[in-house]
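Just so it is clear, none of the values below were taken in a lab; they were calculated from the coordinates. These numbers were taken from a predicted model, which means no experiment stands behind them. Heads up, the Cβs are rebuilt from the backbone with ideal geometry, glycines too, and the neighbour counts pull from every protein chain shown.
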Amino acid sequence: MPDLPHLPAPALPSSHELVLKVIPMPADSNANGDIFGGWVMAQVDLAGSVLPARYIQGRMATVAVNEFIFKQPVRVGDILSFFATVTRIGRTSITVEVEVYAERFSDQGQYLKVTEARLTYVAIDADGRPRPVPVPVPVPVPT
Ligand SMILES: CC(C)(COP(=O)(O)OP(=O)(O)OC[C@H]1O[C@@H](n2cnc3c(N)ncnc32)[C@H](O)[C@@H]1OP(=O)(O)O)[C@@H](O)C(=O)NCCC(=O)NCCS
């Protein structure tokens, strides 16, 4: 392995899991040249569904965007990293927090929090009605 230069460790949320990385393109931008808020919301909705999917094991629907804060603009060419954590498991629903960090096009390795959000997903049956979140079966630990 070559002796590579050391880069500073980024300040990222260790309590959250990286669930998505994506780079916005010019077609995703608004008249200001920044990225559409609606595009960011769609990515957050996808990223937020990743952890609930592990529990729900099937169909689900977003029932609520409980909170959504655009803290900084997102720009074409930023590398966006989406971190999520489950904050509540209810009878039929799961709530997650999503934090989005941007590495600017000309400032790679430096992470800037651009968005934070809280969303709730509901497990649904084949008819689109809420169903209980399955109780996870404990996985035996190899001895
Ligand atoms: C999701 C849907 C099936 C829920 O049906 P419902 O009859 O409203 O269900 P309920 O009132 O029983 O609520 C279901 C769960 O959602 C939760 N919930 C409902 N509204 C909520 C809100 N505003 N914030 C957080 N949780 C909420 C309830 O607390 C419940 O969770 P729990 O069982 O863990 O306590 C129905 O509202 C629906 O189909 N919505 C459209 C979904 C959709 O198209 N999403 C994409 C949007 S583009």
Cα-based helix-to-principal-axis angle, 37-56 vs the chain, degrees rounded to 10: 40 degrees
Relative contact order (%) - criterion: Cα under 8 Å, at least six apart; region: segment 40-143: 33 percent
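Order of 103, 67, 17 from fewest to most other C-beta atoms within 10 Å? Kindly include the intermediate steps, with their values, before the conclusion.
Numbers: 103 19, 67 10, 17 13.
Ordered from fewest to most neighbouring Cβ atoms within 10 Å, 103, 67, 17 come out as 67, 17, 103.
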Fewest-first sequence of 116, 99 by Cβ atoms within 10 Å of each Cβ: 116, 99
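Can you tell me the length gained on complete extension of the stretch residue 62 to residue 27, counting 0.36 nm per residue apart and subtracting the Cα distance? Please report the intermediate quantities before stating the final value.
On the way: separation 35, 0.36 × 35 = 12.60 nm, distance 2.54 nm.
Full extension from residue 62 to residue 27 adds 10.1 nm.
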log₁₀ of I(q)/I(0) at q = 0.17, 0.18, 0.19 Å⁻¹ - the chain, Debye sum with one point per alpha carbon: -0.95, -1.01, -1.07
Linear extension gain, residue 70 paired with residue 139, 0.36 nm per residue minus alpha-carbon span: 21.0 nm
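What is the magnitude of the charge dipole of segment 17-123 about its Cα centre, with +1 placed on the Cβ of each Lys and Arg, -1 on the Cβ of each Asp and Glu, and no other charges, expressed in debye to the nearest 20?
Details: 10 positive and 11 negative charges, 77 e Å.
Here the size comes out at about 380 debye.
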